[in-house]
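Enquirer: Structure provided below as structure tokens; questions to follow.
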DNA sequence: CGGTTGATGTCACTTGGTGTCATGAGCGTA
DNA sequence: TACGCTCATGACACCAAGTGACATCAACCG
């Protein structure tokens with residue numbers, strides 16, 4: 001018999017998600033989350049850097065997916081085309097988890113501190129995308145601009161995707177957003 | 001004779017800027033900042049919502065400038081052209097304060113919490129720009145995309161401007177960034 | 001002159017976050 | 001079987017951010 005219940009981080013995430021949704025982020029203490037998971041406050045902070053981070057554990061994987069896909073894109077593709085290919089792959093990866101994504105997004109939308117954390121994750125993502133583009137030979141500031149633009153497109157599409165009224169899939173929405181962006185920036 | 005020294009917020013800002021630069025953001029306590037300004041911790045929090053906010057007091061004015069200029073742009077101008085006109089005005093407004101801007105930016109660059117705050121301020125700015133564009137009759141998601149793109153262009157230009165090696169003025173850098181973006185997104 | 005206002009101080013309190021040491025089941029090894 | 005090591009967790013003390021409640025007192029106003 002194991003000394004402790006398995007998957008402490010997962011239990012903490014689950015408890016946090018539930019409590020943040022129920023009572024709001026501010027009105028939930030770390031001690032409460034830990035208690036719900038059968039652990040202590042101290043253990044929470046061994047698994048997550050802070051109270052916000054518990055909602056953002058998937059971000060490294062997302063970053064990796066973006067980078068991999070951009071690296072794998074056709075050599076002849078321009079920066080935005082490579083990024084567009086990556087967006088397709090990323091959109092597919094999210095498609096099954098719309099329910100969870102929407103709940104998470106609702107919690108984040110209700111709290112500025114969480115929005116800050118979300119924004120810095122996206123900025124880090126943009127940085128990784130820019131690096132991946134530079135590895136394809138794209139120079140600066142083109143790499144930065146293309147990366148930021150890609151993340152903007154993704155964010156706009158994601159926002160529309162989690163909207164309860166929406167019926168389109170994420171892939172389609174990213175493609176539409178990118179198309180729209182190209183229309184705006186065209187002379 | 002006034003009961004208190006004048007301009008408490010200004011003194012707190014000045015003290016914070018100095019101490020954050022000297023010892024770093026993390027190693028500076030609010031009590032120390034307040035003491036330097038001849039005040040108490042409690043008074044600091046009456047003027048600024050939190051320890052970070054003291055570095056971001058100019059953001060409402062910047063937002064207002066963007067919005068005003070976009071509203072004043074030629075009626076026939078497209079969304080990105082209106083935004084470009086605003087960028088010119090904003091760039092001029094910054095031009096004299098490069099020294100201060102660079103010091104401030106260095107402090108922010110050294111600390112993730114401050115970067116988070118910076119990012120949410122820029123996001124709020126983008127939101128205001130999007131609203132201003134909608135008031136010009138631009139629809140969605142075009143308004144959002146154009147706004148986010150404008151802020152990205154501004155940020156990229158600003159980053160290059162505060163670089164000690166840079167010799168160009170901010171207005172020129174914003175124009176170059178925008179031009180580059182158009183080149184990237186062109187089919 | 002007395003009352004009001006408003007910026008500040010004082011103090012107690014909650015909570016996020018950290019450093020340090022103790023605990024004890026699982027596991028390998030003699 | 002016994003010994004000792006590992007490592008996730010608990011226990012505890014502590015600091016700093018941030019807040020609520022109340023006190024203070026110069027300036028201002030009728």
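Enquirer: Has the stretch B:131-141 got at least one residue that is at pLDDT below 90 and out of contact with any helix residue (DSSP H, G or I) (no Cβ under 6 Å at 6 or more places or on another chain)?
Expert: So the first thing to find is which residues in the stretch B:131-141 are at pLDDT below 90, and the list is B:140-141.
Still in the list and also out of contact with any helix residue (DSSP H, G or I) (no Cβ under 6 Å at 6 or more places or on another chain): B:140.
Within the stretch B:131-141, one or more residues are at pLDDT below 90 and out of contact with any helix residue (DSSP H, G or I) (no Cβ under 6 Å at 6 or more places or on another chain).
Enquirer: Can you list residue pairs whose Cβ atoms sit under 8 Å apart, with the first residue in the stretch B:151-172 being surrounded by 13 or more Cβ atoms within 10 Å (Cβ to Cβ) and the second being assigned to a loop (DSSP other than H, G, I, E, B)? Count only pairs 6 or more apart in sequence or on different chains.
Expert: Listed by first residue and then by second, the contacts come to B:156/A:141; B:160/A:141; B:160/B:166; B:160/B:168; B:161/B:168; B:161/B:169.
A quick yes/no check of all residues on (1) more than 14 Å from residue B:149 (Cβ to Cβ); (2) more than 10 Å from chain B (Cβ to nearest Cβ):
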residue	(1), (2)
A:119	yes, no
A:130	yes, yes
A:152	no, no
A:160	yes, no
A:178	no, no
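Enquirer: Same structure again: Among (1) within 14 Å of chain B (Cβ to nearest Cβ); (2) crowded, with 19+ Cβ neighbours inside 10 Å, there is one condition residue A:104 misses while meeting the rest; what is its number?
Expert: Unmet condition: (1).
Enquirer: Also, I was wondering about something else. Search the stretch A:136-150 for residues being in contact (Cβ under 8 Å) with a residue 24 or more places away in the chain and either over 12 Å from residue A:178 (Cα atoms) or within 9 Å of chain B (Cβ to nearest Cβ) (or both), and hand back the single one that is surrounded by the fewest Cβ atoms within 10 Å (Cβ to Cβ). Steps first, answer last, please.
Expert: Filtering the stretch A:136-150 for residues in contact (Cβ under 8 Å) with a residue 24 or more places away in the chain gives A:136, A:138, A:142-143, A:146-147, A:149-150.
Now narrow it down to the ones that are either over 12 Å from residue A:178 (Cα atoms) or within 9 Å of chain B (Cβ to nearest Cβ) (or both): A:136, A:138, A:142-143, A:146-147, A:149.
Numbers: A:136: 15, A:138: 21, A:142: 19, A:143: 21, A:146: 25, A:147: 27, A:149: 26.
If we take residues in the stretch A:136-150 being in contact (Cβ under 8 Å) with a residue 24 or more places away in the chain and either over 12 Å from residue A:178 (Cα atoms) or within 9 Å of chain B (Cβ to nearest Cβ) (or both), then A:136 is surrounded by the fewest Cβ atoms within 10 Å (Cβ to Cβ).
Enquirer: Continuing with this model, one more query. Which of the residues that make up the stretch B:32-43 are over 20 Å from residue B:116 (Cβ atoms) and either touching a residue at least 24 places away in the same chain (Cβ under 8 Å) or surrounded by 13 or more Cβ atoms within 10 Å (Cβ to Cβ) (or both)?
Expert: In the first step, residues of the stretch B:32-43 are kept if they are over 20 Å from residue B:116 (Cβ atoms); the result is B:32, B:34-43.
The answer is B:32, B:34, B:35, B:36, B:37, B:38, B:39, B:40, B:41, B:43.
Enquirer: Filter the stretch B:47-84 for residues that are within 16 Å of DNA strand D (Cβ to nearest atom) and either surrounded by fewer than 13 Cβ atoms within 10 Å (Cβ to Cβ) or in a loop (DSSP other than H, G, I, E, B) (or both) and give the result. Even if it seems obvious, please write down each step before you answer.
Expert: So the first thing to find is which residues in the stretch B:47-84 are within 16 Å of DNA strand D (Cβ to nearest atom), and the list is B:47-57.
Correct list: B:48, B:49, B:50, B:51, B:52, B:56, B:57.
Enquirer: I'd like to check something: does the stretch A:174-185 contain any residue that is part of a loop (DSSP other than H, G, I, E, B) and at negative phi? Walk me through it before giving the result.
Expert: Residues of the stretch A:174-185 part of a loop (DSSP other than H, G, I, E, B): none.
The answer is no, given that none of the residues of the stretch A:174-185 is part of a loop (DSSP other than H, G, I, E, B) and at negative phi.
Residues checked against (1) within 14 Å of another protein chain (Cβ to nearest Cβ); (2) within 21 Å of residue B:18 (Cβ to Cβ); (3) within 16 Å of DNA strand C (Cβ to nearest atom); (4) modelled with pLDDT of 95 or more:
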residue	(1), (2), (3), (4)
B:40	no, yes, yes, yes
B:44	no, yes, yes, yes
B:68	no, no, no, yes
B:72	no, no, no, yes
B:75	no, no, no, no
B:88	no, no, no, yes
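The values are calculated or read from the model by the stated rules, or taken from the named source; none is laboratory data. What you are looking at is a predicted structure, and each value in this text was computed from that prediction instead of being measured. Cβ sites come from the backbone with ideal geometry, for glycine too, and all protein chains shown count toward neighbours.
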